[in-house]
Every structure is written in C-alpha cells, then in structure tokens.
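Each remark here refers to the structure printed beneath this line.
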Amino acid sequence: MIETHWIIAPVVLPAILAPLLAWVMRHDIVLARSASLAGAGGLVAIAVGLLNLAAGSGEQVYRLGDWPAPFGITLVLDHLSAAMVLLTSVLGLIVLIHAVATGWDNRGRHFHALFQFQLMGICGAFLTGDAFNLFVFFEILLIASYGLMIHGGGRVRLQAGLQYVVMNLAGSTLFLFALGTLYAATGTLNIADLAVKVREIAPEDAALVRVAAMLLLIVFAIKAAVFPVQFWLPTTYSNAPAPVAALFAVMTKVGAYAILRFYIIVFGPDVAATGTLPEKWLFAGATITTVIGAFGVLGARRLMSMISFSVIFSMGTLMLAISAFTPDATLAALYYLLHSTFATAALFLVACHILARRPSADLLHASPPTVQNGIFAALFFAAAIGMAGMPPLSGFLGKLVVLKALIPWEHAEIAWVVILGGSLVTIVGFARAGSMLFWKSTAEPVTEPEEDAPEPEDAPRPATALALAPAAVCILMMALLSALAGPVTRYLGVAVAQLYDREGYIAAVLTPPEDGDRPVDAGIALEAEEAAAQEDVTVEDEDGLTTGVIEEVGQ
Amino acid sequence: MEIVVASSVGVLTAGGVYLILRLRAFPVILGIAMLSYAVNVFLFSTGGLAVDAAPILGDHGEGGPYTDPLPQALVLTAIVISFGMTAVLVMIALGAYLDVGDDHINMGAALPEGETDGPEGRNSHSPNPLEDDAPVRFNP
C-alpha cells in the first residue's frame, strides 16, 4: 500500500519547499525561481500520478499516523479531489511562470515561499476528510493569501489587503463557532463520521445541527463569494497583483468544493435536522450573486474590477448549478468549475500585461494604443469569449450543460433567465471594455517621439513570448476542455457518482485498515489484541462500522 | 459554571462584533481578538463542562469522571492560529496606517476617483501620519 503515501505528497512537497525558499534562498532570486518552478512542476507530476491512482479504484484513504478514522486525521483521495488537486497544480505552474516572466515575483519579498504555502493550503483543503483539518488548511491558504495580496505594496493595495484580512478573520471565527456547535451536537468532526452521526441525531439536538449547518454555509459562501457575503471580492481581486488574482481564481473554488462535500455527504436532504434548508438559501444567494456579477461587469469603470465582477458572475452560475443538488447538475457544475478557473486566470493574466503598459493604468477609457496592441486585443478577446460563454471555448459548453442539467429542477425558469440574461449583459460589458481598450485607442493621437531621441527609461517594453505564453496556455486549456469534453465529463461522471455514493464514502473512511502489512512488535501486538477485542463489540453494529466504540468513548 | 461560561462567551462575542463594526483599525483588531477569545472559550465548552476532572481516561475507562480531551486539543490549535492571525493583522494594519495616513477599514470613501496605486500617489496626505496634528476622530 506504498502508493497511498503519495496522497499526502501535494501537502508535504510545498510544506518542505516553502521554508527553504523563505530562509535559505531568500537572497538569491535565481535559485528561488528555479526551486519554486521545480516544486510547482513536481506538484503537477504528483497530481497526475494521483489522478491515475484515483481513476484506478474507489476512494483511497490515507490515515495520518495510522490512527483509525474517526480518531485520527484522514486524507481522502477520490476522483473529485484528484481532479481539484490537478487543477490547482496546473494553474499554480501557469501563474508561477507568468510571475517569473514578468518579474512580479521580484517586486516584494518572499513571493515564492508564500506561493508554495498557498498551494499547500489549497491542495490540503481539497484532500482532507476532516472538518477541523479543513479549517487548518483554510487558515494556511488564507495566511499565505494575505501575504500575496499585499505583495508589491502600494497604499491602495495595503488598504484593500487590510479589508480582506479583517473579513476573513471574522469568517474564520464563524467557522470555529460552526465546528464547535457541530462537535457539541455530534461528538465528531470527521466528515464520514459526521455523515453517520447527523442522521442519528436526537430530535432535541436537531436545532444545534441546523445552526451549525447554516453557519458553515455562510463560511463557505464567504470563500465562494456568494451573496450576501460577496462584497469583499471585487475590492480584493481588483487591487491584488494581477498574477496573484489569477491564482485566487482557484481559491473561490475551494468554497464551492467544500459546499459540495458537506452538503452532499454530511447534510443531504435526507437529514431530518436540515432538510432542504441549505439548498433554498444557496439558491436564493446564487441567483442574486449572478445578477450582481453581471451588472457589475457592465458598470465597472476599471479593467480589474470588471474582471472581478465577472468572477462573481461565474461563481453565481456555478452556485446555481450546485444548489440544485442533483447528480446531473453537479456534473455540469464541476465542468463549469474547471472552465471558469482557467477563464478567470486567463483574463487576469492578460490584464496584467495591459495594465503594465497603459499610461492610464486600468481605467476603462481610451488612451493611445500600447505596444503590441493587436496581440493583447486578440488574447483579451479569446479570454473574454471564454468567460462570457461563447463558442468555441469551453464556456459555451459549460453553460450549455449547466442549463440542460437544470431543466428538470423546480427553479429552472429563474435559473435560465438569470444565467442567460446575465451572460448577455456580460457580453455587452466585455465588448464595451474591449472596444474601449483596444479599438477606440487606435484613433487617439500618438505623440511621435522625435527622431534620434533616446528611448525614455520607463517606456513600456513589449512582452516577450515567454511572458505571453501563460495567458495563451490558459486559453488553450479552455480550448482543450472544449475539445476533450467527452473524456472530461466521463471522468467527472465517475467523480459525481462517487460523491453521491454516501455509503461508499463512509465505508471507505471508517472501515478499519487491514493489519496485514504492519510491523509487529510487542506494543503494537498488544494494540492489535485490543483492537480485536473492540471489534467484537462493533461487529454487532448493523453497519459493521466502529460507531459502537466511538459512542462508548464519547460518553 | 454553565451560566458563567455561556454569559462570558455571549458578552465577548457581542463586544467583538460591536468593535468590528466600528470600522477603524484599532477597534477592529480588539474586536477580532475578543471574538477569537469568545470562540476559544466556546470550543472549550463544546465537550461538556466537567469540573475537577482530568482529560484522560482512567484504567479501562473506569477511573472516575473525565473531561473530553478533543476540544482541548482543538482549542490549542485555534489559540495558536488566532494569535498568529492577530499578529499578521496588526502588522498589515500598521503598514496600511503608516503608508496611507488613515486607519479606516472601509476604503470606499477614502479613495478619490482616479486615484491610482503608484509611487506618485503614495503618501500624498502627509509623509508621516504620526506627526500629523489632525485630531483623531472616534465617531466617524
């Protein structure tokens, strides 16, 4: 079972690399760059390996310290978490190459260390099977994101960063309140064990579970930027360094992923305490989020805030698909999730190039064309049609599968109107911004420099092919998602089937490991005897799970 | 016992929320700190309050009363994280205050239209806000 040890590799690799980057390589940017790029490349290789491992079988469980499931921390690798880790690592590598090629990583200190910690937190949040461990990984990714958010400094960015930190600290406190309530009611924080316990909850404790479920929904909604807690996102993303904002594209998806995990496995509609309450609130929030995002795109006066609102729009669409909580809609949501991550990243990376070369920064008004106006216009056009959902990129297919999957849903009319209307408004917003930035600019008078005049020092330089490549690769990923839609949806179909197979997940996590390959010495042999004695107690339990023992210990 | 713990969690939370809503750096930092104390006490009590009992089982679970050890482990983690986060918040708030000369958390009103983030826009209020004689407003 040596291959299951690879499950923790996406957490361990950045965790080892980041301190080395921060303390050993901090004075040598070339060394730090090569180590960081090698680490990100290694993470992609590990993620591909994990995808193969997950595709070969059902849920793989890694028990830290080999403690049995409800007592120790478990990491769970299934089709969904493997896909999310691969998405994170690929996006991480693309963004890192962009940051290195444009020199963003050298504008402040410790960019690479923070970047690796960020990747560690995101991968850990996708892999963990324990609610409190999820909180810890959330904190790791957040504390790294605070540093990345204010990377490069500047007064507006620092103020926006302060706002972002305060918002998320309040969110973390809420997360702890939710976990405490959940633990008080059920006596466990392992996700699989929670799924068992909330179904056996006594009626007098049902209110506690309901409160905890709704508090958790608010916490995840903050991460996923769902109304009414979406307001932090435009300020944060539009003032973060553009490459960092591109990496943050996957951070909102952590919230979406956590909602899928918790509200399908733990708080399904069959739980008497919560019922369909989370779905109703999520649907209402998602509808308003989509509308806000669409009109924000239309009303934004800056390029970065327009892209930020398009992130809100895409999160609203994603949440509408998730809030149906049917396998078909979840499959559509996952496909759209993959697409919108790359669409967001592509837009931010293109914006990074444009912002660096326009004299009026990112204000959306006409000014003389920049160098390479044509290339930027083409990249922006491709990324914008991807985000707005026009063919041939995967945005079109993504919205199509979302709309199709929502047909049998009771709220289908509202969802269709909001998604289609919002898409139209978004297209108008992007078209207006694009023509303002690239087209009307060509009519502006250009002040010709005098002959033989020396090139001014701060004249914008053309982007090198290497600097343009990451944005182009993001667009290429959308094209690939579109071209390989068949295999991708087949894979995601298995992921969704696994996600909705609650009993399978619970059994995989809570079934004690076989003792076959353990080294036997005196202490462990004694433990094994005790475990055998405990198993006698639990065998009588109808599921064959260890619930009997847990209840005894809990009391 | 229960009433003491419950009311202290309630009072700390109420105070924390009130201070966060003041939307200025120093009250907000205090508010976040109070909120994290509240949640620590709350987490501590989630395993049930047992007075004068060790968080370990006796021989085979028969050594008399014991208190649930897991919340104590959780609360240790939570204390460490919230302590570190408060330190980060203080550093960022101090940086923002020294750089901007304004300790409002709510940045919407503080930014004139067209203000861009760049070297020419930095420190336009005063070079060092600590030397600024302007009275500090406590009731925005």
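For the reader, a short list of remarks on this structure follows.
- Cross-link partners of A:K197 among lysines (Cα-Cα below 28 Å; sequence separation of 8 or more within a chain): A:K223, A:K253, A:K280
- Volume per residue for the protein assembly as shown equals 173 cubic angstrom (convex hull of Cα atoms).
- Taken over region A:127-267, the alpha-carbon convex hull comes to 91 cubic angstrom per residue.
- Efficiency of FRET between A:R107 and A:F231 - r from beta-carbon atoms, R0 35 angstrom, step 0.05: 0.80
- Gap separating the Cα centres of region A:143-180 and region A:32-52, nearest whole Å: 27 Å
- Note on A:A284 and B:A14: the model spin-label points, each 7 Å out from Cα along the C-beta direction, lie 2.7 nm apart.
- Mean-position separation - Cα centroids, region A:183-253 and region A:299-378, in angstrom: 24 Å
- Computed E for A:T464/A:T4 - FRET, C-beta separation, R0 30 angstrom, nearest 0.05: 0.10
- The C-alpha atoms of chain A define a longest principal axis, and helix A:394-406 lies at about 40 degrees to it.
- With only the Cα atoms considered, region A:257-322 has a convex hull volume of 67 Å³ per residue.
- Taking the Cα centre of chain A as reference, the dipole from Cβ charges on Lys and Arg (+1) and Asp and Glu (-1) amounts to some 2800 debye.
- Estimated [θ] at 222 nm from DSSP helical runs (n ≥ 4, -39500 (n - 2.57)) normalised by residues in chain A, nearest 500: -23500 deg cm²/dmol
- Two-site label geometry, B:D52 and B:T86: point separation in nm, points 7 Å out along Cα→Cβ: 3.2 nm
- Computed FRET value (nearest 0.05) for A:T326 with A:V428, which takes r as the C-beta separation and R₀ as 41 Å: 0.85
- Under the Debye formula (equal points on every Cα, no solvent term), log10 I(q)/I(0) of region A:1-62 at q = 0.13, 0.18, 0.25, 0.29 Å⁻¹: -0.42, -0.67, -0.98, -1.18
- Inter-label distance for A:V417 and B:L23, nm, one decimal - labels placed 7 Å from Cα along Cα-to-Cβ: 3.3 nm
- At full extension, A:A378 and A:Y500 could sit 39.8 nm farther apart than now, given 0.36 nm per residue minus the alpha carbon distance.
- The angle separating the long axis of helix A:251-261 from the principal Cα axis of greatest extent in chain A is about 30 degrees.
- Taking amide hydrogens as placed 1.01 Å from N in the peptide plane, the amide H of B:R24 sits under 5 Å from those of B:I105, each at least 5 positions away in sequence or on another chain.
- One decimal place: the segment A:W23-A:A207 gains 61.4 nm when fully extended, by the rule 0.36 nm per residue minus the C-alpha distance.
- Think of chain A as having a plus end and a minus end, set by charges on the Cβ of Lys, Arg, Asp and Glu; of A:Q159, A:A300, A:L13, A:A300 sits farthest toward the positive end of this dipole.
FYI, it's all coordinate maths here, none of it is from the lab. Remember, it's a predicted structure, so these values are computed and weren't measured experimentally. So basically every Cβ, Gly included, is an ideal-geometry build from the backbone, and we count neighbours across all protein chains shown.
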